[in-house]
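Some notes on the structure that comes next.
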Amino acid sequence: MKIAQMFAANRPLFSFEFFPPKDEVAAAALMTTVDHLKTLKPDFVSVTYGAGGSTRGKTLELVARIKHDIGIEAMAHLTCVGHSKTEIRAILTELADHGIENILALRGDPPKGQSEFKPHPNGFHYANELAAEIARTGKFCFGVAGYPEKHPEARTLDEDLQHLKHKVDTGAAFITTQLFFHNAHYFDFVARALALGIRVPIIPGLMPVTNYSQVQRFTAQCGASLSAEFTKELESVQTDAEAVTRLGVRHAAQQGEELLRKGAPGIHFYTLNKSRATQEILEHLRNLRRPSPKGLLHDI
């Protein structure tokens, strides 16, 4: 089922993000995680795409397996990095042949060892070009990424939002945000998007913190920020993995409560291929009473 059809039901959607495993041991662990999270009945899951297209085959294999063998709707990430336009078209054909209906269109990060994005000489330079190519096929529902705190390479928030508008105008059905830890950033982002004429659902992306050093790396890479208070709490227990996880679950659950209460159209969980934290948070959120996800559009 296409994700746009799911939004038509006018209820919050819950989704999980996984990355392709590096070896057979990691693959077995991931399948255990997927089985655990399947009991939560997510609306869909997404599978990331390695830098430089390094996980192309694994991404396709995993989304096909999740959709057809496990029975959960799956969305494939697709990036511009390392591919010519001809290769991108071949990948889209392959995805369609495997019955994949949903794609997240991304420019992508530079391959390991490179500090800046360098497009393939015969490829797409920007995510909006990739999105337009996906739209041209007429076969997919696709989403794009948004940055509540600005893409690290954008000069200003307004410039970044204009880039987002270009992507949405190609026919994107939804936006999934980069992770954030301050809900105020999300609500401001949505308000500015609405003022610019963006009317597609904007799904907030949450990552439960389970490792202090790991979240420091992630926030540095994507431009997200941690509050001084939350940072201090994490620092005080950083050597206690269980305590860090408890704090991370509590913080993400509180974020999710407010987001849904104020009408966010759902939650996208960056699971890091783990199930426990996501399971605890989603079970909590599903017990909440909340308004229609359209409420956010009307309240701003």
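The values are calculated or read from the model by the stated rules, or taken from the named source; none is laboratory data. Only a predicted model underlies this, so the values are computations on that prediction, with no experimental measurement involved. Cβ atoms come from the backbone with ideal geometry, glycine included; neighbour counts cover every protein chain shown. Please note that ligands, DNA and RNA were not included when accessible areas were found on the heavy atoms of the full protein model with its side chains. Shrake-Rupley method; radii C 1.70, N 1.55, O 1.52, S 1.80 Å.
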Report the residue, chosen from Gln214, Gln254, Gln178, that carries the largest GNM mean-square fluctuation when the chain is represented by alpha-carbon nodes joined by springs under 10 Å.
Gln214
Can you show me the helix-derived [θ] at 222 nm for the chain, built from DSSP H runs with n ≥ 4 at -39,500 (n - 2.57) apiece and divided by the number of residues, rounded to the nearest 500.
-14000 deg cm²/dmol
Taking only C-alpha pairs under 8 Å that are 6+ residues apart, what is the relative contact order of the chain in percent?
19
Going 7 Å from the Cα of Ala8 toward and past its Cβ, which residues in the stretch 56-72 have a backbone nitrogen under 14 Å from where you end up?
none
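According to the square roots a ≥ b ≥ c of the eigenvalues of the Cα gyration tensor, what is the shape class of the stretch 197-244, taking rounded for a/c under 1.5, prolate for a/b larger than b/c otherwise, and oblate for the remainder? Could the numbers behind the result be given before it?
Values: a/c = 2.64, a/b = 2.39, b/c = 1.11.
Cα axes put the stretch 197-244 in the prolate bin.
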Positive-end extreme of charge dipole, the chain - chosen from Ala154, Thr137, Pro208 (charges on Cβ)
Thr137
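Suppose every K and R has +1 on its Cβ and every D and E has -1 on its Cβ; what is the size of the dipole of the chain about the Cα centre, in Debye to the nearest 20?
That gives a dipole near 560 debye.
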Which far-off residues, 5 or more places away or on another chain, put their amide H under 5 Å from the one on Phe14, with H placed in the peptide plane?
Asp43, Phe44, Ile267
State to the nearest 20 debye the size of the charge dipole of the stretch 103-186 about its Cα centre, where the only charges are +1 on K and R beta carbons and -1 on D and E beta carbons.
240
Computed accessible area, Arg261, all protein chains, 1.4 angstrom probe, square angstrom
130
Using alpha-carbon positions, the gyration tensor of the chain gives root eigenvalues a ≥ b ≥ c; with a/c under 1.5 called rounded, otherwise prolate if a/b exceeds b/c, else oblate, the class is rounded
Top to bottom by accessible area (1.4 Å), largest first, where do Leu62, Leu196 land?
Leu196, Leu62
Simple spin-label estimate for Gln254 and His284 in nanometres, 7 Å along Cα-Cβ
1.0
